[in-house]
1. Taking springs between alpha-carbon atoms closer than 10 angstrom, which of Val353, Val106, Val29 fluctuates most in the Gaussian network model of the chain?
2. Counting other C-beta atoms within 10 Å, and keeping those with at most 10, which DSSP coil trypsin sites (Lys or Arg not before Pro) do you find in region 110-169?
3. Contour minus end-to-end for Arg385 and Ser40, with contour as 0.36 nm per residue of separation and end-to-end as the Cα-Cα distance?
4. Nearest 20 debye, what's the magnitude of the dipole of region 113-193 about its Cα centre given +1 on Lys and Arg Cβ and -1 on Asp and Glu Cβ?
5. Just want to confirm a number: the relative contact order over the chain, from Cα pairs under 8 angstrom separated by 6+ residues, in percent.
6. Residue by residue, what Karplus-based ³J(HN,Hα) values in Hz, rounded to whole numbers, does region 352-358 have, using 6.51, -1.76 and 1.60 with θ = phi - 60° and x for Gly and Pro?
7. Enter the accessible area per residue of the chain (Å², integer; probe 1.4 Å; all protein chains in place).
8. Need one number: nm distance between label points at Val135 and Ile377, each 7 Å from Cα along Cα→Cβ, rounded to one decimal.
Amino acid sequence: MPRGIDLRGPALLSYGFRPFFLLAGIFAVLDMVLWVAALSGLLSLGGDMGPIDWHAHEMLFGYGAAALCGFLLTAVPNWTGSLPVSGRPLLGLLLLWLAGRIVSLVPQWLGEIPSATIDALFLPVLALLIAREVVVGRNWQNLRVVAGILLIALLNVAFHLATLAGWDEMIVLRATVAVFVLLIGQVGGRVVPSFTRNYLARAGATRLPHPQGWLDQVTMAATLLAGIAWSAAPEGWPTALLALAAAALHAVRLAGWHGWAARKEPLLLVLHVGYGFVAIGWAGVAAAAVGLLAEPSALHLLTAGAIGLMTLAIMTRASRGHTGRPLTASTTTSISYLCLFAAAVFRPLAEMVPPAYHLLLDMSALAWIAAFALFTIEHAPILLRPSLGGRRK
C-alpha cells in the first residue's frame with residue numbers, strides 16, 4: 001500500500017482522519033435513529049442479530065472502529081515519522097468499512113455467513129497497516145495498540161459466531177468495551193497529559209501534569225484485570241473489587257494531570273471529562289456487580305461516557321488542528337460536548353428515577369443524536385475542504 005499525501009485527489013482522501021471522522025459522525029446519528037425506529041416497530045434491521053444486538057455491534061465495531069481508524073491513521077505517522085496513507089489506498093480502506101456497515105444492516109441480502117465475513121475484514125486490514133508502520137518506524141511500544149486492534153477484530157469474529165450459533169453475545173460485548181477502555185487508558189494516558197502540559201506551559205503555569213511512571217503501569221494492569229473479570233463474570237465481589245481498584249487508580253491518574261487548570265478551554269477540558277468517565281464507568285461496573293446498579297447503566301457509562309466523549313473530543317481536536325484551524329472550541333462544539341455528557345448521564349439516571357424512566361431514555365438518545373449531528377454539521381466543511389494555508393492534511 002503506497003504512502004504519502006495524495007495531492008491529486010479530493011481533500012477528503014488526503015489524510016485518514018478526514019473520511020473516517022466524517023463518516024463516524026454521520027454513522028453515530030444514523031445508527032441511533034435506525035435503532036429507535038426499530039424499537040418503535042417501524043422497521044426491521046440486523047437480521048438474526050435483532051435491533052438491540054445490531055445497535056450494540058455497530059456502535060462498537062462500526063462507529064468505534066471508524067473513530068479509532070481515523071485517529072490511528074493520523075497519529076501513527078506522527079509517532080513513527082512515516083508518511084500517511086491517502087488517495088486510493090485510503091479509499092479502499094474506507095469502502096471496506098462501508099461494506100461492513102451495509103451487510104450488517106441487511107445481512108439477508110448476501111446471507112449471514114458472507115455478510116459476517118465481509119464485516120470481519122476491516123479491522124485485520126487496519127491492524128496490518130498500523131503494524132507495518134510501527135515495524136518500519138521501529139516504534140515498538142505501539143505494538144500494544146496493534147494488539148488491541150487485533151483483539152477487537154477477534155472479538156468481532158466471536159460476536160458473529162455467537163450470533164450464528166444462537167449464543168449470548170453479552171460476554172463478547174463486555175470484552176470489546178473493556179478493550180476499547182484499555183486503549184483509551186493507553187492512548188489517553190499519552191495525549192491528554194501531553195496536550196495539557198503544552199497548554200499550561202504556554203499559560204505560564206508552574207504545576208504541570210505528572211510524567212508517566214509506575215502509577216500508569218499499575219493502572220493499566222488493574223484495568224486489564226478488571227476487564228477480564230467483568231467480561232467473564234459481571235456479578236460478584238471479585239469483579240466489584242477489581243473494578244473499584246481500577247476506578248480509583250484512574251481517578252488518581254487523572255487528578256495528576258491538573259485538568260481543572262485547563263477549564264477555560266473546552267477543547268481540552270472535555271478530554272479530562274471523557275477520561276473521567278473511565279473512572280466513573282468502572283465504579284458503575286463495581287456497583288452493578290453487587291446489585292446496586294443495573295448492568296446496562298454501567299455499560300453505558302463506559303460506552304456513551306468514556307468511549308463516546310473521548311472519541312468526540314479527539315475528532316473535534318484533530319479535525320481542527322490538522323487542518324490549520326485554531327485549537328479552541330466554538331460554541332457549537334461546546335454544545336455538542338454538553339449533549340453527549342447528558343446522553344451518558346441520562347441513561348443511569350433513568351434507573352434512579354422510575355417515573356421518568358422512558359422520558360430519560362428518550363432524552364439520552366436525542367442528546368446523542370444532537371451531539372453528533374452538531375459535530376457533523378460543523379466539521380463536514382472542515383473535513384471536505386483543503387486545510388488553511390494550502391496544506392493538504
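The values are calculated or read from the model by the stated rules, or taken from the named source; none is laboratory data. Being a predicted model, the structure only gives us computed values, none of them experimental. Backbone-built Cβ (ideal geometry, glycine too); neighbour counts: all protein chains shown. Side chains are part of the model used for accessible areas, which takes the heavy atoms of the whole protein and leaves out ligands, DNA and RNA. Shrake-Rupley method; radii C 1.70, N 1.55, O 1.52, S 1.80 Å.
1. Val353
2. Those that pass, being in a loop and sparsely packed, are Arg138.
3. Length gained between Arg385 and Ser40: 120.4 nm.
4. So the dipole magnitude of region 113-193 works out to roughly 400 debye.
5. Answer for the chain is 17 percent.
6. Listing the rounded values in order: 7, 10, x, x, 9, 4, 5 Hz.
7. Values: 16510 Å² over 393 residues.
Here the residues of the chain average 42 Å² of exposed surface.
8. In this crude spin-label approximation the distance works out to 4.7 nm.
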